[in-house]
Amino acid sequence: MSMKKMLAVVAAASLAAAAAPAFAANPFSDVPMNHWAYDAVEQLSAKGILEGYPNGTFKGNRAMTRYEIATMVARMMAAGGLSGEDLEKLKALVVEFQPELEALGVKVDGFDSRLSALEKGVGGWKITGQMRFDYNAWDTDEALTGAAADGFTMNRGRLFLHRDLTDGVSFDARWHNDAFDRFWVTARDFLGMDGLTLKGGQFALDWEGEDGLYDDNDAFFMDSNYRGFDLKYNRGAFTVEGFAGSNKGNYSGTGDIVRGVYAPNASDEYYGARLKFDFSEKFWLSLNGLWTNAADANWNVYWAGLGFKFTDGIELKGAYYMEDISDDSLLVVGADDPKAWKVALDVSQDVLKFTSLWVEYSKIDQGFYIHNNPWSFSDVVWPNYTGFQAQDDTDVLFVRAKQEWNDKWSTIERYVKYDMSAFGDAKEWSVAIGYQYTPNLYFELAYADMDGRWDDPNYDNNQIRFRTLLNF
């Protein structure tokens with residue numbers, strides 16, 4: 001065997017040795033346990049890289065052919081779970097034995113792009129995450145600690161776990177706020193039906209996000225964790241989905257948010273159903289319903305979403321919402337059937353050349369309840385972090401523009417104005433400059449000015465925020 005081939009085999013052995021555990025059984029009768037190469041041969045066999053001969057021998061004194069070495073490399077490519085120096089060795093082997101690999105039917109083109117998936121694999125697991133680290137400086141502190149006070153705060157620290165199992169089954173989890181707040185199983189083509197997907201456990205649902213009905217911050221409804229089962233069926237342009245749950249947003253029923261999949265149920269009930277029609281690449285329609293019996297409150301919301309794409313990069317979309325609130329759950333006496341609607345124009349920078357543009361107008365009846373705060377910059381102070389409760393008829397104008405000057409630098413401008421019939425106006429504007437240091441690491445310096453809010457029409461504050469965002 002040539003020195004070049006011997007080096008390739010040694011490299012392959014080191015790759016497998018790093019990824020496979022040791023086993024006590026002797027895999028080949030002609031490799032004694034006191035042989036200098038025993039450990040490497042044993043681990044290669046345990047990993048399935050070496051198979052030996054039908055009579056149980058290894059024949060280590062026989063020179064290997066390039067095709068035999070290429071077969072080992074192909075098995076290592078399929079096994080995955082390698083990182084760092086081991087992956088670099090595998091790259092070198094792929095380059096050296098490319099002709100033999102292709103002759104064996106192994107696709108080598110694009111292997112570098114597939115390595116990114118291998119690098120994220122640890123024993124079949126894929127691990128990703130996000131860190132959002134802020135420095136905040138307020139003109140007037142709103143709290144003693146956290147994002148509403150001056151200083152550094154960990155706005156977000158998340159880890160995502162994923163593992164593909166067998167027969168279309170996969171497992172996912174999210175670690176967030178010191179606990180696993182999502183933990184679920186997905187079964188695709190469930191019961192042998194193409195397009196039928198089952199989710200069970202604690203998982204996220206965001207139907208407005210799927211329709212692209214918000215741009216910058218949050219949906220009117222959902223975009224939260226639900227504990228239960230979700231069943232979704234897609235057939236071409238048609239999608240139908242329904243879920244049943246007993247916990248939303250890790251709510252414990254005590255008035256506190258208890259993070260984690262073990263947060264106790266509070267005898268709550270949540271149900272949802274959805275139909276989505278993608279009539280063409282330009283036109284879609286969705287019909288959605290949520291039924292809630294939680295925390296001694298009974299209320300339902302129904303909405304229809306609609307979108308039309310005039311051309312690539314220009315889309316007009318919106319939604320009309322109706323709520324049915326029981327008498328003992330009203331936010332405002334007499335407002336038992338509040339409604340809301342919004343319309344948005346979404347224009348990409350490819351069309352306008354110098355900026356992207358999102359212009360949204362919403363009209364909300366008194367007593368209308370929204371799960372989230374759809375427009376606020378800070379997500380903490382203004383106007384309400386936990387949800388948007390319309391104590392008055394409200395019109396909202398929201399505009400966001402972003403300029404991507406190159407692959408590194410960008411600027412962002414936001415403006416939101418609330419016009420309330422009895423409480424007066426409130427508004428907020430912000431500007432930001434962003435720097436994409438690497439594909440994973442982003443820095444942003446932003447300034448926000450806030451005038452007025454629900455509980456104080458004379459409220460006046462401003463915020464400087466420096467954000468470090470890492471995705472991995």
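The values are calculated or read from the model by the stated rules, or taken from the named source; none is laboratory data. Keep in mind it's a predicted model, so treat the numbers as computed, not measured. Neighbour counts run over all protein chains shown; Cβ positions are idealised from the backbone, glycine included. Ligands, DNA and RNA are excluded from the accessible area calculation, which covers all protein heavy atoms including side chains. Shrake-Rupley method; radii C 1.70, N 1.55, O 1.52, S 1.80 Å.
Annotations
- Matching residues, segment 145-196, being in contact with a Gly (Cβ under 7 Å, 6 or more places away or on another chain), closer than 22 Å to residue 231 by Cβ and of a type in the set (A, V, I, L, M): 185, 187
- Qualifying residue in segment 347-358 (condition: crowded, with 16+ Cβ neighbours inside 10 Å, touching a strand residue (DSSP E or B) at 6+ places or on another chain (Cβ under 6 Å), of a type outside the set (A, V, I, L, M, F, W, C) and within 15 Å of residue 221 (Cα to Cα)): no
- Selection count, segment 359-368, where residues are over 29 Å from the mean Cα position of the chain (by Cα) and open to solvent by 50 Å² or more (accessible area, probe 1.4 Å): 3
- Of the criteria (1) without any contact (Cβ under 8 Å) to a residue 40 or more places away in the chain; (2) buried (at least 19 other Cβ atoms within 10 Å of the Cβ); (3) not hydrophobic (A, V, I, L, M, F, W, C), which one residue 228 fails: (1)
- So residue 332, is it modelled with pLDDT under 95 and either of a type in the set (S, T, N, Q) or in a loop (DSSP other than H, G, I, E, B) (or both): yes
- Tally of residues being under 15 Å from residue 377 (Cα atoms), in contact (Cβ under 8 Å) with a residue 24 or more places away in the chain and open to solvent by 60 Å² or more (accessible area, probe 1.4 Å) across segment 418-459: 2
- Of residues in segment 159-207 being of a type in the set (Val, Ile, Thr) and either part of a strand (DSSP E or B) or touching a helix residue (DSSP H, G or I) at 6+ places or on another chain (Cβ under 9 Å) (or both), the one nearest to residue 273 (Cα to Cα): 197
- Put simply, of 277, 243 the only residue that is at pLDDT 80 or above, of a type in the set (A, V, I, L, M, F, W, C) and touching an Asp or Glu at 6+ places or on another chain (Cβ under 8 Å) is 243.
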